[in-house]
Amino acid sequence: MPHQAAFRVLTDFFLELGLEPSAVAPLLDKAQLKSCQAGEVLLAQGGKQQSGFLLLNGLLRACHYLSDGQQRCKEFYFPGEFCLLYSSFLSAEPARYQLEALENSTLVVVPLSLFELGGFQRAELSLLRAQLRYKEQKEAFLLLKSPEQRYLWLKNHWPHWISTLSQVQLANYIGITPESLSRIRRRLNLS
């Protein structure tokens, strides 16, 4: 994606969030276009989050790595989404998750220091409100649905997850083993 088109996407994204038009210039001055390779770490687990990332193409994830090598996937980020660990951003504490590229990706790096500027309050509030709604939805997804219902919900509401993510990634997000997900898929295909 050409530089100019990428920054148009960035500007439109933040204006839709309520960014004051007077703050567009500082946003464009500070933001940087970045290409990254699959496997590249954008923020190491335990690191300090200083930037958010508007994903233009590719796939990112937030994942916690346990000392025994197990992974706990918090989130996947698809094009058009803003990748930010909100708790780390709000508390200025070290990140509990690692942000990493799962595919070659293009993104715009947005320094979080911009949110301290005057014209960014509405955009920040819009991001936080959207995140709160999303977290409530995810909490209900995990607590109120069976694994089969979780899979069906993803299939019906976010089919791009089913077509993009591996069975291991889907199972991890749903909270089951890949074998259990295979059984669910087989059962649903027989119905």
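The values are calculated or read from the model by the stated rules, or taken from the named source; none is laboratory data. Fair warning: this is a prediction, and the values are worked out from it, not measured in the lab. Cβ placement follows ideal geometry from the backbone for every residue including glycine, while neighbour counts extend to all protein chains displayed. Remember, those area values only see protein heavy atoms, side chains included, never the ligands or the DNA or RNA. Shrake-Rupley method; radii C 1.70, N 1.55, O 1.52, S 1.80 Å.
Side notes on the structure shown:
- Screening segment 107-149 for residues that are among the charged types (D, E, K, R) and within 14 Å of the chain's Cα centre (by Cα) and picking the one that is surrounded by the fewest Cβ atoms within 10 Å (Cβ to Cβ) gives LYS135.
- Among the criteria (1) in a loop (DSSP other than H, G, I, E, B); (2) touching an Asp or Glu at 6+ places or on another chain (Cβ under 8 Å), the one ILE176 does not fulfil is (2).
- Among the candidates VAL24, VAL9, the residue that is more than 20 Å from the chain's Cα centre (by Cα) and within 28 Å of LEU125 (Cβ to Cβ) is uniquely VAL24.
- Single residue of LEU102, LEU132, LEU127 found to be modelled with pLDDT under 95 and within 17 Å of PRO79 (Cα to Cα): LEU127
- Residues of segment 44-64 that turn out to be more than 21 Å from SER163 (Cβ to Cβ) and touching a Phe, Trp or Tyr at 6+ places or on another chain (Cβ under 9 Å), as a count: 6
- Counting only helices (runs of 4 or more DSSP H) that sit completely within segment 1-106, those holding 3 or more residues that are buried (at least 19 other Cβ atoms within 10 Å of the Cβ) correspond to 3-16.
- Condition check for SER163: open to solvent by less than 70 Å² (accessible area, probe 1.4 Å), among the hydroxyl-bearing types (Ser, Thr, Tyr), part of a helix (DSSP H, G or I) and within 20 Å of GLU75 (Cα to Cα): no
- Beta carbons closer than 9 Å, at least 6 apart along the sequence or on distinct chains, pair a first residue in segment 173-190 that is among the β-branched types (Val, Ile, Thr) and surrounded by 14 or more Cβ atoms within 10 Å (Cβ to Cβ) with a second that is modelled with pLDDT of 90 or more and assigned to a loop (DSSP other than H, G, I, E, B) for ILE184/ILE176.
- Taking every residue in segment 48-67 that is farther than 17 Å from GLU81 by Cα and of a type outside the set (Phe, Trp, Tyr) and pairing it with any residue that is at pLDDT below 95 and assigned to a strand (DSSP E or B), at least 6 positions away or on another chain, the pairs with Cβ-Cβ distances below 6 Å are HIS64/ARG72.
- Criterion: within 20 Å of LEU127 (Cβ to Cβ) and polar (S, T, N, Q) - qualifying residue of GLN49, GLN37, GLN98, GLN4: GLN49
For (1) of a type outside the set (Lys, Arg); (2) touching a helix residue (DSSP H, G or I) at 6+ places or on another chain (Cβ under 7 Å); (3) over 21 Å from VAL9 (Cβ atoms), each residue gets a yes or a no:
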site: LYS48; (1), (2), (3): no, no, yes
site: SER51; (1), (2), (3): yes, yes, no
site: GLY58; (1), (2), (3): yes, no, no
site: LEU66; (1), (2), (3): yes, no, yes
site: PHE78; (1), (2), (3): yes, yes, no
site: PHE82; (1), (2), (3): yes, yes, no
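- Among the residues of segment 151-160, those that are assigned to a helix (DSSP H, G or I) and under 19 Å from PHE78 (Cα atoms) comprise TYR151, TRP153, LEU154, LYS155, ASN156, HIS157, PRO159, HIS160.
- Being in contact (Cβ under 8 Å) with a residue 60 or more places away in the chain, more than 20 Å from GLN4 (Cα to Cα) and not aromatic (Phe, Trp, Tyr) is not true of LEU90.
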